[in-house]
């Protein structure tokens, strides 16, 4: 009888500790971090004529706070760069190299269609305000820089990587507090107008990357 009582007392001492240890697993993530890259196709006229390609590489990152599990607000920043040739207006001959750079800054609201923590495929849609900083350097002619304001809309699909390697997923949680890791693909449309010349610096981007929820 004494052994049974001692066993029960020991169990009551262990169970609260076990419940506390499991508590972090039961909690939901509050933050999202995205790192991504892809191609951006500008709507600028004659882009391919000057830069030889229809698109240029884009790299970006975002950080967002979850108001609820499905809705988050955040900020993001990116960098884009294209290189081409500048041509004389009258003669149409190359007069030097030109470098065109964009640095978008986004403030957004985003909704993720997640219904449970074990969901492996999650659609999402979002958008918000954009400020597009630009810089264009033409060889021997100086640099033009400024910014344009507008908006962006984006949507995509995220695929859970939690069960691809369960042990790595567990280590990510224990070492860094990452609840879920996803691979995602998305499309993003941006419209940003330089008011002085009524020029749209936006375009369409197709991106892929990794999402970490913590």
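Of everything in region 189-214 that is part of a strand (DSSP E or B) and touching a helix residue (DSSP H, G or I) at 6+ places or on another chain (Cβ under 9 Å), the residue that is farthest from residue 72 (Cα to Cα) is 203. Contact map, region 158-170: first residue without any contact (Cβ under 8 Å) to a residue 12 or more places away in the chain, second residue surrounded by 12 or more Cβ atoms within 10 Å (Cβ to Cβ) and assigned to a loop (DSSP other than H, G, I, E, B), Cβ cut-off under 9 Å, separation 6 or more or different chains; pairs are 168/161.
May I ask you to verify whether residue 117 is free of Cβ contacts under 8 Å to residues at least 60 places away in the same chain and either within 27 Å of residue 100 (Cα to Cα) or not in a strand (DSSP E or B) (or both)? For residue 117, the condition - free of Cβ contacts under 8 Å to residues at least 60 places away in the same chain and either within 27 Å of residue 100 (Cα to Cα) or not in a strand (DSSP E or B) (or both) - is not met.
Applying the criterion of being surrounded by 13 or more Cβ atoms within 10 Å (Cβ to Cβ) and over 30 Å from residue 100 (Cβ atoms) to the residues of region 132-164, the residue that is farthest from the chain's Cα centre (by Cα) is 162. Could you check how many residues of region 97-118 are farther than 19 Å from residue 144 by Cα, surrounded by fewer than 14 Cβ atoms within 10 Å (Cβ to Cβ) and modelled with pLDDT under 95? Selection size over region 97-118: 3.
One line per residue, one yes/no per condition, for (1) out of contact with any strand residue (DSSP E or B) (no Cβ under 6 Å at 6 or more places or on another chain); (2) closer than 18 Å to residue 70 by Cβ; (3) modelled with pLDDT under 95; (4) loosely packed, with under 15 Cβ neighbours inside 10 Å:
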{"position": "95", "(1), (2), (3), (4)": "no, no, yes, no"}
{"position": "127", "(1), (2), (3), (4)": "no, yes, no, no"}
{"position": "166", "(1), (2), (3), (4)": "yes, no, yes, yes"}
{"position": "173", "(1), (2), (3), (4)": "yes, no, yes, no"}
{"position": "178", "(1), (2), (3), (4)": "no, no, yes, no"}
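On inspection, residue 212 passes the criterion of being under 22 Å from residue 27 (Cβ atoms), surrounded by 13 or more Cβ atoms within 10 Å (Cβ to Cβ) and in contact (Cβ under 8 Å) with a residue 12 or more places away in the chain. Might you check whether a residue that is touching a helix residue (DSSP H, G or I) at 6+ places or on another chain (Cβ under 9 Å) and assigned to a strand (DSSP E or B) occurs anywhere in region 180-188? Yes, some residue in region 180-188 is touching a helix residue (DSSP H, G or I) at 6+ places or on another chain (Cβ under 9 Å) and assigned to a strand (DSSP E or B).
I'm trying to understand the selection: among the residues of region 56-88, which are surrounded by 14 or more Cβ atoms within 10 Å (Cβ to Cβ) and free of Cβ contacts under 8 Å to residues at least 24 places away in the same chain? The answer is 59, and nothing else.
The values are calculated or read from the model by the stated rules, or taken from the named source; none is laboratory data. Predicted, not measured: the structure shown is a model, and the values here were computed from it. Here Cβ is always computed from backbone atoms with ideal geometry, including for glycine, and neighbour counts include all displayed protein chains.
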